[in-house]
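Every number here is computed from the coordinates shown, using simple stated rules; none is lab data. As the structure is a prediction and not an experimental result, all values here were calculated from the model. FYI the Cβ positions are ideal-geometry reconstructions off the backbone, even for glycines, and counts take in every protein chain you see.
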Amino acid sequence: MSSLMLFSPFSIRGVTLKNRVVVPPMHQYSAVKGFPTDWHLMNAGKFAAGGAGLVVVESTKVERRGCGTVGDLGIWDDAFIEPLKRLVKFIHEQGAVAGIQLGHSGRKARANRPWEGDGPLQRRPNVEDWDAWTPVAPSAIAHSEKWHVPRALERHEVKDLVQAWGRGARRAHEAGFEVLELHGAHGYLVHEFLSERSNQRTDEYGGSEANRMRFLIEIAEAVRTHWPERKPLFVRLSVEDNAGWGPEQSVRLAKILKTKGVDVIDCSSGGITDQAPILGREIKYSYQVPLSEYVRRHADIMTMAVGLIIHGDQAEDILRESQADLIAVGREILNNPNWPMDAALKLGAEGPFRNVPPQFGWWLGTRARRGFGTQPSTYQVGLQVGLEETRKVL
Ligand SMILES: Cc1cc2nc3c(=O)[nH]c(=O)nc-3n(C[C@H](O)[C@H](O)[C@H](O)COP(=O)(O)O)c2cc1C
């Protein structure tokens, strides 16, 4: 067992992660009619092979209307189970645990892929179900001027949607995922219900804070009836959204969610406006970690920290300071899919290559035992030793 918290196994319910490094959900915008492609296999596979304990597949939509872009993954039909199984199997074969995030884009549905322009999609002939894909939301309020005004959901549609999340959880379980995360952040449908800014309903899903929380709480209940007791359930929240929803509300919500079988709050921020989620300050390393620390302390629930966590020692410090239970590394793992292996090496973890598949771990371990590649700074020394050895031979 490693003395480093980051590389110690971590158990939640019946699932044990080999370490506390998590790949958070990251859209690939590469699905075809909601179905995963080889891209998804390669993408999740390389993170799993890089040594992360948990790889969470991107926000996967519980209904067609909830797709953000033409490339979103779907889970609104049983037909998605088999192709998702292939992803799960591959992640598990690399020694990581497979998780999936369930989501619904709400009023931010039917949008461009980020690199094709920020904002709503213009009507296109190749989108056959354009009208059926009309964005829906708690109230008919656009995200901002450039976005379409969504259609307000009827009360019975809200009830149906709660069940759609439950069915999504059942399919995720049947596909073999071991961890499920509900996307309640970033200005998408669940967050739109939580926020007074986007939710002006007059039924039991709007108005008071308790009413605005109702949608997510009912979703958690519906999900737990399908998602087995032994499997962990996470919820991602924008703990601070800079528009009326903040850490105190998040703590109150987290306490209720805990009683509904939610194990971990994944602490993010922003998204209900186009303002950057910067909590009034500049974005810097670990900028969301104080939110995780706050929720963890005041709601007495496990948390995952995310947001500009880039270095291994930074991640280890967050755990040692009791600011989070899990560490999600997003863009930095896009930069370096072998981040967990690299961080283990730099932190001096015992057997840094044991956490990765032998196809490359064995070779790197063998090389390390000969004194190479264990520390970046040994290059000069190694070079010197090598030269001396060569001279002796000569
Ligand atoms: C390409 C990309 C796609 C993302 N997709 C999702 C997503 O599907 N669901 C979600 O909750 N967050 C999503 N995020 C946010 C990340 O999970 C993470 O919270 C964010 O990138 C901040 O962490 P980082 O600084 O380590 O990248 C995405 C981020 C990126 C860069």
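Here is how the numbers come out for the structure above:
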{"read-out": "Packing-based exposure ordering (other Cβ within 10 Å, fewest first) of Thr225, Thr303", "value": "Thr225, Thr303"}
{"read-out": "Under 15 Å from the Lys159 label point (7 Å along Cα→beta-carbon), backbone N, segment 186-205", "value": "203-205"}
{"read-out": "Sites matching trypsin sites (Lys or Arg not before Pro) across segment 78-135 that sit in DSSP coil, with at most 10 neighbouring C-beta atoms within 10 Å", "value": "Arg123"}
{"read-out": "Amide H within-cut-off set for Leu182, under 5 Å, with H built and near neighbours excluded", "value": "Leu102, Phe234, Val235, Arg236"}
{"read-out": "HN-Hα J in Hz across segment 310-316 - Karplus 6.51, -1.76, 1.60, θ = phi - 60°, x for Gly and Pro", "value": "10, 10, x, 5, 4, 5, 4"}
{"read-out": "Chymotrypsin sites (Phe, Trp or Tyr not before Pro) within segment 280-327, DSSP loop, no more than 11 other Cβ atoms inside 10 Å", "value": "Tyr285"}
{"read-out": "Cys67, Cys267 arranged by Cβ crowding within 10 Å, fewest neighbours leading", "value": "Cys67, Cys267"}
{"read-out": "Subset of Lys85/Lys108; Lys46/Lys146; Lys258/Lys284; Lys46/Lys346 violating a 26 Å alpha-carbon distance limit", "value": "Lys85/Lys108; Lys46/Lys146; Lys258/Lys284"}
{"read-out": "Extension gain (nm, one decimal) between Met42 and Ala79, 0.36 nm per residue minus Cα-Cα", "value": "11.2 nm"}
{"read-out": "Selection of trypsin sites (Lys or Arg not before Pro), segment 180-275, meeting DSSP coil and at most 12 other Cβ within 10 Å", "value": "Arg230"}
{"read-out": "Folded to 0 to 90 degrees: helix 155-175 orientation relative to the chain principal axis, Cα", "value": "30 degrees"}
{"read-out": "For the chain: relative contact order, % (alpha-carbon pairs under 8 angstrom, 6 or more apart)", "value": "15 percent"}
{"read-out": "D (Stokes-Einstein, µm²/s), Kirkwood Cα radius, segment 67-165, 1.306 mPa s at 10 °C", "value": "102 µm²/s"}
{"read-out": "FRET efficiency, Glu116 to Asp274 (Cβ-Cβ, R0 22 Å, nearest 0.05)", "value": "0.80"}
{"read-out": "Extended-chain gain in nm, criterion 0.36 nm per residue less alpha-carbon gap, Ser3 and His298", "value": "103.5 nm"}
{"read-out": "19 Å cut-off, amide nitrogen to a point 7 angstrom out along Arg230 Cα→Cβ, residues in segment 83-109", "value": "88-89, 92-93, 95-100"}
{"read-out": "All-pairs alpha carbon distance profile, segment 10-356, 20 Å steps from 0, percent", "value": "33, 61, 6"}
{"read-out": "Extended-chain gain in nm, criterion 0.36 nm per residue less alpha-carbon gap, Ile283 and Glu128", "value": "51.8 nm"}
{"read-out": "Shape box of segment 76-132 [Cα atoms, principal axes, largest first, Å]", "value": "42, 25, 20"}
{"read-out": "MRE, 222 nm, helices only [DSSP H, n ≥ 4, -39500 (n - 2.57), over the chain, to nearest 500]", "value": "-11500 deg cm²/dmol"}
{"read-out": "For Asn19, distant residues with modelled amide H under 5 Å away", "value": "Phe10, Gly53"}
